[in-house]
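Engineer: Take this structure, written in structure tokens, and hold onto it; I'll ask about it next.
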Amino acid sequence: MEIKPLHLQGAYSLQPKLFNDNRGYFFEWFNARNFKKLTGVDFKPIQFNSSRSVRGVLRGLHFQEMPSSQAKLVGVTQGEIQDVIVDLREGSPTYGQYYSEVISQEKKNQLFVPKGFAHGFLVLSETAEIFYAIDDYYSPEHECGVMYNDISIGIEWQLPENEIILSEKDKLYEPLTKRTFNFQYNG
């Protein structure tokens, strides 16, 4: 597996090694020992989620506040998405910056999202199924979000605004500049 550190410290892009033959393919989705050896991050998922959405659905930008913040590994089992993360760690040199990557069934690539980051995705294919491995349980009272089109972040979404479909809850999130966060940067 190839693991590439991103400009947002603690976040990684992963590309599994595919073993193909005449029967199909095999790849290792995640290996905690190898991930820790290559990154220093001791990621131990305890909850696994999946979602399915149609083209244009944008879910995000979501996060859970302390003490229930979550790190997650995101992959796609069907279709293609634009996956986006935003650094919310106070004192981080990349605070408020984002990273975007197209994740697809075809490429089998994944994105590791550390604690202290907001996460969202936009479905680019007709449908997409997303798989998440998460290191803490969902906590409704700690669920939060940041406005997906906050101009201070400046995310370049890959579909026009009039094609984006949001939940009512996601429409209510405030911009980054109107929020304070309890995530600390540990440089």
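The values are calculated or read from the model by the stated rules, or taken from the named source; none is laboratory data. Worth saying up front: this structure is predicted, and the values here are computed from it rather than measured. Neighbour counts are summed over all protein chains in view; Cβ atoms, including those assigned to glycine, are modelled from backbone coordinates with ideal geometry.
Engineer: Quick check: is even one residue across segment 66-81 under 16 Å from LEU176 (Cα atoms), touching a Leu at 6+ places or on another chain (Cβ under 9 Å) and at pLDDT 95 or above?
Structural biologist: No, every residue in segment 66-81 fails to be under 16 Å from LEU176 (Cα atoms), touching a Leu at 6+ places or on another chain (Cβ under 9 Å) and at pLDDT 95 or above.
Engineer: Being more than 29 Å from PHE26 (Cβ to Cβ), surrounded by fewer than 16 Cβ atoms within 10 Å (Cβ to Cβ) and touching a helix residue (DSSP H, G or I) at 6+ places or on another chain (Cβ under 9 Å): is that true of SER139 here?
Structural biologist: no
Engineer: From the list GLY60, GLY10, GLY79, exactly one residue is in contact (Cβ under 8 Å) with a residue 24 or more places away in the chain, in contact with a His (Cβ under 7 Å, 6 or more places away or on another chain) and closer than 28 Å to ILE153 by Cβ. Which is it?
Structural biologist: Criteria check complete, one pass: GLY60.
Engineer: Which residues, taken from segment 28-43, are of a type in the set (Gly, Ala, Ser) and under 15 Å from LYS4 (Cα atoms)?
Structural biologist: Of everything in segment 28-43, just one residue is of a type in the set (Gly, Ala, Ser) and under 15 Å from LYS4 (Cα atoms), namely GLY40.
Engineer: In addition: Hey, could you check segment 6-51 for residues that are assigned to a loop (DSSP other than H, G, I, E, B) and among the β-branched types (Val, Ile, Thr) and say which is surrounded by the fewest Cβ atoms within 10 Å (Cβ to Cβ)?
Structural biologist: My answer is ILE46.
Engineer: Here's something else I'd like to know. Among residues belonging to segment 162-187 that are of a type in the set (D, E, K, R) and either in a loop (DSSP other than H, G, I, E, B) or modelled with pLDDT of 90 or more (or both), point out the one that is surrounded by the fewest Cβ atoms within 10 Å (Cβ to Cβ).
Structural biologist: Once the filter is applied, the top-ranked residue is GLU168.
Engineer: Could I ask something else about it? Going residue by residue through segment 154-161, is there one that turns out to be touching a residue at least 60 places away in the same chain (Cβ under 8 Å), assigned to a strand (DSSP E or B) and on the phi < 0 side of the Ramachandran plot?
Structural biologist: No, segment 154-161 has no match at all.
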